[in-house]
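Have a look at the structure below before the remarks.
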Amino acid sequence: MRPRPPGPILEATVIGSWSLPGWFENFVAQVAESPSRFGPLDREEAVRDAVLVVVEDQARAGLERITDGEVQRVDFNLGFYEFLTGLERLPQARLLGPPAHDQRSKFLALNKIEAPRGLGTVEEYQRFRAVTTAFAKWPVPGAYTLSGCIDGGEIYPDRHAVTEALIPIVNAELKALVASGVDFVQLDEPSFACHPGEADRFLDVIARTVEGVDAYISMHMCFGNYRARAVGWRSYASLFPQIGRVKVDQLALEFASREMAELDLLNQLPDSIDVAIGVVDVKNTWIEPASLVASRIDQAMKFVGPDRLSVTPDCGFSQTARHVAKAKAKALVDGARLVRAKLGRDV
């Protein structure tokens, strides 16, 4: 296992996404409605400006490891299907009623799935680095999570076969990111937390996904956050203790929305695995006081030492109002600083 790249103990960071600035969300909608109105330079300027804005948001909040807010992609994973060939977008099955996960885009495999241009994350990282030298992490959805939106049709018999087709694609993307300068990658695999039960298969998928990737690797497993809704039973218990054998350096787990339930499971992890704990809830709009954030960190330190802990929101902020995201991020940072000061390690 690799040591975490330079940064403070109890590093305050994000999971990946950030709230879209209102003007940029409006711009994206206009491009979708009338693409001929905007040339490639217009689109590039808007994307670069959006990256600059969310980087500034995170810096002002005091976050110590940041991303581009995933503003360069559609949702945390939906934009990646545009880079995959062999797929056809399916009509959305439900348009009316409360928004939920069954309204996410679905695709049908018509041919072998390939990514001849990669998945676009290197270009994302280059735009990000054009505006900041801050400590960064770069999230990429894992093969099993990406497979969840794909019907294998006559090409792939089941979801596991689709996953197998995606493993080398994700592995190549992670290696390309490392080659471009990324030293901290995050594999987003919430689907494993939402569909547990095959631990050995899961561990094998992860091992082959990250094979040969020379970076510090975190794996994020939440319970879904589309339209601020979970998608599965919110318990990690069935993943333990087997998850301790996973070939990553850090697990990023959701706790705040569950009032810090199951923290004791962290006792079952080997000392070689770090943990990023979710201490602010992205599914509500209440701003946690810094003192509560500090209390949650204290609870986690009963099971994992501070040198192995990072603090995060439960999930990305893409489904959270921007003013709420900024306030929650500030509370996250302030709570971590309170605990560091108490430990005498506030620098």
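What follows is calculated from the coordinates using simple rules that are stated; it is not laboratory data. Nothing here was measured: the structure is a model prediction, and the numbers come from that model. Positions of Cβ are generated from backbone atoms using ideal geometry, with glycine treated the same way; all protein chains shown enter the neighbour counts.
Data for the structure
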{"quantity": "Sequence of Met260, Met219 once ranked by neighbouring C-beta atoms within 10 Å, starting from the fewest", "calculated": "Met260, Met219"}
{"quantity": "Sequence-distant aspartates and glutamates (8 or more away, or on other chains) whose Cα lies within less than 17 Å of Lys283", "calculated": "Asp75, Glu254, Glu259, Asp314"}
{"quantity": "Residue order, fewest to most beta carbons within 10 Å, for Phe38, Phe192, Phe83", "calculated": "Phe38, Phe83, Phe192"}
{"quantity": "Calculated FRET value between Asp214 and Asn267, using beta carbons and R₀ = 35 Å, to 0.05", "calculated": "0.70"}
{"quantity": "Helix runs (DSSP H) in the chain reaching 18 Å along axis by Cα, Kyte-Doolittle at least -0.5", "calculated": "40-61, 159-179, 322-343"}
{"quantity": "Beta bridge orientation in region 11-343: antiparallel %, DSSP, nearest 5", "calculated": "15 percent"}
{"quantity": "Of Lys137/Lys342; Lys137/Lys328; Lys175/Lys330; Lys137/Lys326; Lys175/Lys328, those spanning more than 23 Å from alpha-carbon to alpha-carbon", "calculated": "Lys137/Lys342; Lys175/Lys330; Lys175/Lys328"}
{"quantity": "Stretchable slack from Ala176 to Gln103, in nm (0.36 nm times residue separation minus alpha-carbon distance)", "calculated": "23.1 nm"}
{"quantity": "Förster radius 56 Å - calculated FRET efficiency between Trp23 and Glu154, Cβ distance, rounded to 0.05", "calculated": "0.80"}
{"quantity": "Label-to-label distance, nm, for residues given as Ile287 and Lys247 (7 Å Cα→Cβ offset)", "calculated": "4.4 nm"}
{"quantity": "Correct choice for Cα extents along the principal axes in Å that was computed from the model, options [x] 59, 49, 43; [y] 72, 45, 43; [z] 57, 45, 44", "calculated": "[z]"}
{"quantity": "Considering only region 97-245, percent of DSSP beta bridges that pair antiparallel, nearest 5", "calculated": "10 percent"}
{"quantity": "The chain, helix-only ellipticity at 222 nm - DSSP H runs n ≥ 4, -39,500 (n - 2.57), divided by all residues, nearest 500", "calculated": "-11000 deg cm²/dmol"}
{"quantity": "Cα Rg, Dmax, region 207-347, angstrom units", "calculated": "15.1, 42"}
{"quantity": "Fewest-first sequence of Ser147, Ser295 by Cβ atoms within 10 Å of each Cβ", "calculated": "Ser295, Ser147"}
{"quantity": "Spin-label model distance (nm) - Trp233 vs Arg89, 7 Å beyond Cα toward Cβ", "calculated": "3.5 nm"}
